[in-house]
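What follows is a single structure, written as structure tokens, with notes after it.
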Protein chains: 2
Amino acid sequence: MLSKKCKYAIHALVYLAEKYHEGPVHIQEIAEKKHIPKKFLEAILLELRNAKVLGSKKGKKGGYYLYQKPAEVNLMQIIRLMDGAIALLPCVSLNYYEPCEECRNEKTCGIRDAFSKVRDETLRLLGGSTLDKILKREKLLEGN
Amino acid sequence: MLSKKCKYAIHALVYLAEKYHEGPVHIQEIAEKKHIPKKFLEAILLELRNAKVLGSKKGKKGGYYLYQKPAEVNLMQIIRLMDGAIALLPCVSLNYYEPCEECRNEKTCGIRDAFSKVRDETLRLLGGSTLDKILKREKLLEGN
DNA sequence: TTTAAAGTCTATAGATATAATAGATTAATG
DNA sequence: CATTAATCTATTATATCTATAGACTTTAAA
């Protein structure tokens, strides 16, 4: 399960993708529209900014904006930033690999195979899910 | 990420699948062979027993054994029992559904689609991964 | 140049979940 | 009936997640 932090991040980013051409958006506005605790959102947006996903501007007329194009930001990136590994086991994780304590020799472990496949499929699907696709889908669904 | 509890459960079950025709196996033995804290394993096996995945026998010559055949127990079941939902979002979970607080109307939420697909693929792969397949794979890998 | 608005940063509190342990009880075997 | 091993209840420890508080910094507009 994704953490709340991660869900908040996704929703905030979708909102900012919607406002992509409208300059910086206040934390306050995002928090209200997406029902996210403001102070918590603050920390999340800051993290996304440090990861160069968002840009920010201080002072009056300040706020946050997408630093990358909506077509260049996908769910895989966001989840990795917020929650870490996407794989279900550390021993099959690409970005957060750690050896398993239980299975002595990884080479003969019969469990890893299924989890590698799950990881591959998950990365494929989440990697292909960009902010602009999510936004297009919302527009489509709202149209009905 | 799976919890330790869940990983312990999988390893213990694979071990019991290996000993499928050898009668009850002591907790102590499983704990030692798989390097799992005995008391923690106790709780795990008990839960699997209550879920009718394992059977048990008390007293001398007692222990735990697979109640179902190794081909009938798969990773999907085990994970659901130990960790709950397999889906990454509660609003796309089949067994542990809960509405999302952030998105007001689920019908027009553009985020859910990718996560439904991830869920489907994950269930397919984990559901097909049975204890006997895992065991066969281990024998195969050890053979090389 | 002052002031208000808005992001930045550090610290921490509270809640929840995870992981592990202890001890008393019950059941089966020989 | 004594021994062995599972069962059950309770508790502790640790870690992570979620959220909040408050002081500081930057910017833009009055």
Report summary line: Checked the stretch A:20-29 for anything closer than 18 Å to residue A:60 by Cβ and more than 14 Å from DNA strand D (Cβ to nearest atom); matches are A:22, A:25, A:29
Requested in this report: Within the stretch B:42-71, count every residue that is over 14 Å from residue B:82 (Cα atoms), among the small types (Gly, Ala, Ser) and away from DNA strand C (no atom under 13 Å from the Cβ).
Outcome: 1
Report task. Please tell me if residue A:87 is assigned to a loop (DSSP other than H, G, I, E, B) and either in contact with an Asp or Glu (Cβ under 7 Å, 6 or more places away or on another chain) or of a type in the set (S, T, N, Q) (or both). Result -> no
Report task. Could you please find all residues in the stretch A:17-41 being buried (at least 16 other Cβ atoms within 10 Å of the Cβ), within 11 Å of DNA strand C (Cβ to nearest atom) and assigned to a helix (DSSP H, G or I)? Result -> A:27, A:30, A:31, A:41
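What's the total number of residues in the stretch B:116-132 that are part of a helix (DSSP H, G or I) and either facing chain A (nearest Cβ under 8 Å) or touching a His at 6+ places or on another chain (Cβ under 8 Å) (or both)?
6
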Report task. Filter the stretch A:122-144 down to residues that are within 17 Å of the chain's Cα centre (by Cα) and either surrounded by 21 or more Cβ atoms within 10 Å (Cβ to Cβ) or not hydrophobic (A, V, I, L, M, F, W, C) (or both), then give me how many there are. Result -> 12
Report task. Answer yes or no as to whether residue A:69 is surrounded by fewer than 18 Cβ atoms within 10 Å (Cβ to Cβ) and either of a type outside the set (Ser, Thr, Tyr) or in contact (Cβ under 8 Å) with a residue 12 or more places away in the chain (or both). Result -> yes
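Give the stretch B:72-84 a look and list any residue that's within 16 Å of DNA strand C (Cβ to nearest atom) and either in contact with a helix residue (DSSP H, G or I) (Cβ under 9 Å, 6 or more places away or on another chain) or of a type in the set (D, E, K, R) (or both), or say none.
Matches in the stretch B:72-84: B:78, B:79, B:80, B:81, B:82, B:83.
FYI, it's all coordinate maths here, none of it is from the lab. These figures come from a predicted structure and were not determined experimentally. Cβ coordinates were reconstructed from backbone atoms using ideal geometry, including for glycine residues, and neighbour counts include every protein chain displayed.
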